[in-house]
Amino acid sequence: MSKRDYYEVLGVAKGASADEIKKAFRKAAVKHHPDKAGGNEAEFKEVNEAYEVLKDQQKRQRYDQFGHAGVGGSSGGGGSNPFEGYGGFGGQNVHFDFGDGGLGDIFGQFFGGGSQGGGSRRSQRGNDVETRITLDFEEAIFGVEKSLKLDMQDECSHCHGERAEPGYGMKTCETCKGSGQIPRVMNTMFGQIQQAVVCQTCEGRGRIPEKACSVCKGQGTERRSQDLTIRIPAGIDDGSTIRLRERGEAIAGGEKGDLYVHVRVKAHKHFTREGYLILSDEHIDMTDAALGTEIDVQTVDGVVRMKIPAGTQSGTDFKLSDHGVPHGSSRGAHIVTIIVDTPTKLSKKQKDLLEQFKSHKKRSIFS
């Protein structure tokens, strides 16, 4: 379904002032807020997306000139990035255990909420692991394979996760008699309350090794370095997080945790990125702006020859289609902003020529 015109979404005219746009946004946001009775989350996001573009003078100018393609096709934090996650974690290979719970609001509670009660058994899922990688700008645009070396708990190489020394079996835990739980009496203001808690001897499993593995000491896992290769998809943005299911830490008798890879993208000396757009500036002198010219523009695909029409004003944007960020089977545009340089040092002859031009009936070079 095609996007609605942003001015239509906010209910303002194309020539509306910044104050009019802000007032219209506030009114629409209150009307459609999903926490309000009769609110609509989809329309609320649409309103927010429109405002994020129209409140910004440069984005609004590109939108007026090129439409939705001029603002990257995905503006205003509508949640369209499939890899968008959280950031700000320093260091590498940091471990965290969320038990049976998920990653809360950040990942939309992939695993479901709920905390373990006193009578629940030990989580049969290994710890989640997070790490961070840094990409060059071009690597993020076109995708790349990266090698990771992580130090974490993996299945024991000696007992293969069985916890018992090879040749030995498992036996019923004598502490809990195989239930995995033991009763505990608590004194409260309401009297004594009996509660079942996880058995510390067998850690809720109900069985223990006849003889513990000599390598992992009955844990079923051992810490060792692992080499992983991860494919970074084309178009990934700075601050995104990739989730790799069951590539985290191992646990005896359960599934592995997940691996979360936080992505940082280095700044480029010439390009910046905005959604699916790549932006850059090109400088020309005022005579070329007045008479028109052709220039070589550096893109992520190499040099592209671009025509500058006569009378081009400083700050004018030109669009190079299909030279931006890949998304699905398409690519965004590369927006080139032309900066017209005014000379600061002129020879006497140049000054005389400009004075002659100034006195001409066409008072301005750009008339």
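Can you tell me which residue within segment 204-237, out of those that are of a type in the set (Val, Ile, Thr) and part of a strand (DSSP E or B), is most open to solvent (accessible area, probe 1.4 Å)?
Here the residue is Thr229.
Can you tell me which of Val261, Val215, Val265 is among the hydrophobic types (A, V, I, L, M, F, W, C) and under 30 Å from Gly70 (Cβ atoms)?
Going through Val261, Val215, Val265 in turn, the sole match is Val265.
I'm trying to understand the selection: among the residues of segment 267-307, which are closer than 16 Å to Gly324 by Cβ and more than 32 Å from the chain's Cα centre (by Cα)?
Met306, the sole residue that qualifies.
One residue is enough: does segment 258-273 have a residue meeting the conditions closer than 30 Å to Arg331 by Cα, in contact with a strand residue (DSSP E or B) (Cβ under 6 Å, 6 or more places away or on another chain) and in a loop (DSSP other than H, G, I, E, B)?
Yes, segment 258-273 contains a residue that is closer than 30 Å to Arg331 by Cα, in contact with a strand residue (DSSP E or B) (Cβ under 6 Å, 6 or more places away or on another chain) and in a loop (DSSP other than H, G, I, E, B).
Please specify each residue of segment 145-165 satisfying the condition of being open to solvent by 30 Å² or more (accessible area, probe 1.4 Å) and not in a loop (DSSP other than H, G, I, E, B).
Glu145, Lys146, Ser147, Lys149, Asp151, Gln153, Glu155
I need the full set of residues from segment 309-351 which are β-branched (Val, Ile, Thr) and in contact (Cβ under 8 Å) with a residue 60 or more places away in the chain, in order please.
Answer for segment 309-351, where residues must be β-branched (Val, Ile, Thr) and in contact (Cβ under 8 Å) with a residue 60 or more places away in the chain: Val325, Ile335.
I need the full set of residues from segment 239-257 which are surrounded by fewer than 20 Cβ atoms within 10 Å (Cβ to Cβ) and not in a loop (DSSP other than H, G, I, E, B), in order please.
Those that are surrounded by fewer than 20 Cβ atoms within 10 Å (Cβ to Cβ) and not in a loop (DSSP other than H, G, I, E, B): Ile242, Arg243, Leu244, Glu255.
If you take the residues of segment 293-338 that are part of a strand (DSSP E or B), in contact with a Phe, Trp or Tyr (Cβ under 6 Å, 6 or more places away or on another chain) and under 21 Å from Asp64 (Cα atoms), which of them is least open to solvent (accessible area, probe 1.4 Å)?
Restricting to residues being part of a strand (DSSP E or B), in contact with a Phe, Trp or Tyr (Cβ under 6 Å, 6 or more places away or on another chain) and under 21 Å from Asp64 (Cα atoms), the top hit is Val336.
Condition check ((1) more than 30 Å from Gly324 (Cβ to Cβ); (2) open to solvent by less than 20 Å² (accessible area, probe 1.4 Å); (3) touching a residue at least 12 places away in the same chain (Cβ under 8 Å)) across all residues:
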residue: Gly126; (1), (2), (3): yes, yes, yes
residue: Arg132; (1), (2), (3): no, no, yes
residue: Gly143; (1), (2), (3): no, yes, yes
residue: Gly167; (1), (2), (3): yes, no, no
residue: Lys171; (1), (2), (3): yes, no, yes
residue: Arg184; (1), (2), (3): yes, no, yes
residue: Cys202; (1), (2), (3): yes, yes, yes
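Go through segment 23-52 residue by residue and tally those that are surrounded by 14 or more Cβ atoms within 10 Å (Cβ to Cβ) and touching a helix residue (DSSP H, G or I) at 6+ places or on another chain (Cβ under 8 Å).
17
The values are calculated or read from the model by the stated rules, or taken from the named source; none is laboratory data. Note that the coordinates shown come from a computational prediction; the quantities given were computed from them, not determined experimentally. As a convention, Cβ positions derive from the backbone with ideal geometry for all residues, glycine included, and neighbour counts pool all protein chains shown. Heads up: the accessible areas ignore ligands, DNA and RNA and are worked out on the full protein's heavy atoms, side chains in. Shrake-Rupley method; radii C 1.70, N 1.55, O 1.52, S 1.80 Å.
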